[in-house]
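This report concerns only the one structure given below.
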């Protein structure tokens with residue numbers, strides 16, 4: 001019997017064994033524990049300002065890591081991520097708002113972290129993700145046949161179209177009776193318009209945000225290490241060669257796009273239910289998309305840990321510079337330009353943090 | 001009939017502004033193959049410096065009719081300011097990245113864009129208050145066609161824009177420097193081997209593009225006197241629409257940019273007049289996606305097959 005190339009490799013798991021099953025579940029369990037710790041220990045200890053910051057960080061991590069699947073893994077250039085965030089956020093926000101109105105007569109939060117309201121909220125996050133994924137499919141299928149900058153332009157156009165359409169929606173009903181008078185189709189056209197969608201119940205908390213962060217990180221990691229994800233990487237490295245090797249490039253690009261759109265939708269849903277959010281189309285315009293692209297490029301194209309760290313840094317940095325008032329955005333812009341000139345490959349390049357010198361262990365090669 | 005003519009006139013005026021800005025996008029794309037997102041902000045600086053120069057020369061809204069040379073002086077100084085700005089942007093932000101991946105240059109462009117907006121907001125620069133541009137051109141009616149008033153401002157906007165486009169055409173296709181520009185856009189390395197100073201040509205492209213954007217900014221301030229604050233989203237949106245014009249016409253193609261600009265202006269104005277004024281941004285981007293789906297290289301763009 002010839003030895004399989006994987007036979008001697010340490011850490012290779014055979015599917016179906018107990019070790020493989022644990023290896024699959026352990027990271028999820030660790031993530032859940034971390035999320036619970038954040039919710040019950042860290043959150044109360046640091047107070048509302050830093051809890052809010054941790055929630056913002058979590059949402060930005062989801063956005064950056066998911067955009068990384070398109071921009072980093074597959075080497076396509078999408079600058080409409082905030083558009084998908086808006087689609088998911090509005091879908092989920094409308095779902096919880098109108099369901100609360102009809103079922104409980106008002107948009108108040110029902111139950112605690114694991115209450116009935118939270119079940120609705122988590123369901124709404126998934127629905128928001130799916131709606132965004134469907135939008136991603138519809139946008140991606142025709143436009144991913146184009147190469148390079150044209151995708152960027154189409155996604156930019158898509159983001160703007162979403163913004164304009166959302167700005168034209170009508171006011172949200174404030175009372176349960178008004179809400180009951182609307183048909184489901186009418187509900188979809190009463191999303192607050194340019195004034196914003198206010199009154200969405202505040203279900204987002206540290207626990208659920210970091211659960212979804214865990215999910216995003218694990219999906220991104222597993223994807224990168226799988227055959228499926230290798231097809232993405234091959235498109236980034238050389239599209240023509242990938243095609244010659246039998247990779248259906250358009251199909252894989254669309255898949256990357258749909259996966260990214262799904263998580264952007266989830267992030268949008270989490271953002272919509274955050275304390276203090278009035279969902280506003282203008283906030284989810286191209287500047288938000290650029291912010292996410294900047295996180296990916298700063299972290300390094302295709303590096304999950306890079307995108308994560310960049311998302312954390314770029315969420316904290318504007319807050320930290322808040323004292324500088326007028327000069328805050330100028331400093332931010334200058335740093336961006338300088339980083340691009342001094343370190344064009346981003347923080348980690350295409351590698352992960354544990355593949356770099358202080359952490360890298362010698363591997364049997 | 002009157003309404004239609006009025007709408008077409010507006011479309012023509014707005015379209016020639018878009019075309020002027022689109023020329024800058026398309027020139028930079030033709031030579032460096034990257035989307036210069038900061039170009040829209042150069043346009044904004046052009047409009048605001050026109051205001052600042054007019055204010056410094058003592059022309060105000062209440063100050064009566066300014067002399068005839070006022071408009072020319074303001075236009076030239078605003079073009080000069082932006083030409084210098086364009087030179088420095090290229091020299092310090094883009095030139096160090098000449099061999100970096102295009103994505104990095106794009107992020108840098110976004111960085112420069114943020115920098116221009118927020119520097120413009122500073123109190124010693126333009127401040128955060130919206131301002132009204134004084135009327136430097138008298139508001140006289142030149143002639144009337146079927147009840148539509150054609151004013152001096154409209155005519156100036158269109159004529160000046162056309163004159164600049166003709167000038168640019170002449171520069172690019174009839175002069176020695178223009179053939180150097182075309183050579184660089186064809187292939188940097190070969191152009192350098194032929195003895196062309198590639199860096200000089202690229203700098204000059206930015207200077208010309210920025211000056212055109214400044215002219216568009218001046219004309220914009222003449223036609224719509226209310227200037228929003230420098231970091232307002234409307235500026236970015238105007239820049240994006242001009243960019244869409246460049247793409248629709250076929251990016252990298254000068255005539256395409258002019259055609260795209262006029263088309264975008266017309267579509268926007270006709271849509272706003274006959275469909276719904278609230279959705280005017282929508283038509284432009286729907287047109288963009290439609291054009292890209294059916295003719296990805298734009299109306300006048302050429303297709304090229306990528307080889308291994």
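The residues listed here are B:12, B:61, B:23; of these, the one that is away from chain A (no Cβ under 14 Å), more than 14 Å from residue B:78 (Cβ to Cβ), touching a residue at least 40 places away in the same chain (Cβ under 8 Å) and outside any helix (DSSP H, G or I) is B:61. Consider region A:183-192. How many of its residues are surrounded by 18 or more Cβ atoms within 10 Å (Cβ to Cβ) and out of contact with any helix residue (DSSP H, G or I) (no Cβ under 6 Å at 6 or more places or on another chain)? Here the count works out to 2.
Within region A:18-25, identify whether any single residue is exposed (fewer than 15 other Cβ atoms within 10 Å of the Cβ) and part of a loop (DSSP other than H, G, I, E, B), and answer yes or no. For region A:18-25, residues exposed (fewer than 15 other Cβ atoms within 10 Å of the Cβ) and part of a loop (DSSP other than H, G, I, E, B): absent.
Among the residues of region A:239-258, the ones that are free of Cβ contacts under 8 Å to residues at least 40 places away in the same chain and over 17 Å from the mean Cα position of the chain (by Cα) come to 11 in all.
Can you name the residue in region B:61-75 that is in contact with a helix residue (DSSP H, G or I) (Cβ under 9 Å, 6 or more places away or on another chain) and within 22 Å of residue B:43 (Cα to Cα) and is also surrounded by the fewest Cβ atoms within 10 Å (Cβ to Cβ) among such residues? Across region B:61-75, the extreme among qualifying residues is B:73.
Scanning region B:110-125 for residues that are closer than 25 Å to residue B:90 by Cα and within 9 Å of another protein chain (Cβ to nearest Cβ) turns up B:110, B:111, B:112, B:113, B:114, B:115, B:116, B:117, B:118, B:119, B:121, B:122. A residue that is closer than 21 Å to residue B:115 by Cα and touching a residue at least 40 places away in the same chain (Cβ under 8 Å) can be found somewhere in region B:243-259. Could you check, for region A:313-321, whether at least one of its residues is more than 24 Å from the chain's Cα centre (by Cα), within 11 Å of chain B (Cβ to nearest Cβ), surrounded by fewer than 17 Cβ atoms within 10 Å (Cβ to Cβ) and at pLDDT below 85? No - not one qualifying residue is present in region A:313-321. Given the residues B:47, B:52, B:70, which is the only one that is part of a helix (DSSP H, G or I), closer than 17 Å to residue B:223 by Cα, away from chain A (no Cβ under 14 Å) and more than 20 Å from the chain's Cα centre (by Cα)? Answer to the check: B:70.
For the residues B:293, B:288, the requirement of being over 30 Å from residue B:84 (Cα atoms) and surrounded by fewer than 18 Cβ atoms within 10 Å (Cβ to Cβ) singles out B:293. Just one of the listed residues (B:189, B:149) is surrounded by fewer than 16 Cβ atoms within 10 Å (Cβ to Cβ) and touching a strand residue (DSSP E or B) at 6+ places or on another chain (Cβ under 6 Å), namely B:149. Quick check on this structure: which one of A:300, A:276 is on the phi > 0 side of the Ramachandran plot, within 14 Å of chain B (Cβ to nearest Cβ) and in contact with a helix residue (DSSP H, G or I) (Cβ under 8 Å, 6 or more places away or on another chain)? Going through A:300, A:276 in turn, the sole match is A:300.
Just one residue in the set A:131, A:162, A:172, A:154 is surrounded by 18 or more Cβ atoms within 10 Å (Cβ to Cβ) and within 17 Å of the chain's Cα centre (by Cα); that residue is A:131.
Checked against the criterion of being touching a residue at least 12 places away in the same chain (Cβ under 8 Å), closer than 30 Å to residue A:113 by Cβ and more than 18 Å from the chain's Cα centre (by Cα), region A:262-276 contains one or more residues that satisfy it.
As a summary of the residue check, residue A:231 satisfies the conditions (1) within 14 Å of chain B (Cβ to nearest Cβ); (2) under 20 Å from residue A:76 (Cβ atoms) except for the one numbered (1).
Residue-by-condition table, conditions (1) under 30 Å from residue A:152 (Cβ atoms); (2) surrounded by 14 or more Cβ atoms within 10 Å (Cβ to Cβ); (3) within 9 Å of chain A (Cβ to nearest Cβ):
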{"position": "B:96", "(1), (2), (3)": "yes, yes, yes"}
{"position": "B:102", "(1), (2), (3)": "yes, yes, yes"}
{"position": "B:127", "(1), (2), (3)": "no, yes, no"}
{"position": "B:131", "(1), (2), (3)": "no, yes, no"}
{"position": "B:160", "(1), (2), (3)": "no, yes, no"}
{"position": "B:175", "(1), (2), (3)": "no, no, no"}
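Filtering A:111, A:105, A:93 for residues that are touching a helix residue (DSSP H, G or I) at 6+ places or on another chain (Cβ under 8 Å), free of Cβ contacts under 8 Å to residues at least 60 places away in the same chain and away from every other protein chain (no Cβ under 14 Å) leaves a single hit, A:111. Restricting attention to region A:260-302, the residues that are in a loop (DSSP other than H, G, I, E, B) and at pLDDT 90 or above total 2.
The values are calculated or read from the model by the stated rules, or taken from the named source; none is laboratory data. Not measured: the values here are computed from a predicted model. Methodologically, a virtual Cβ is constructed for each residue, glycine included, from the backbone with ideal geometry; neighbour enumeration extends over all protein chains shown.
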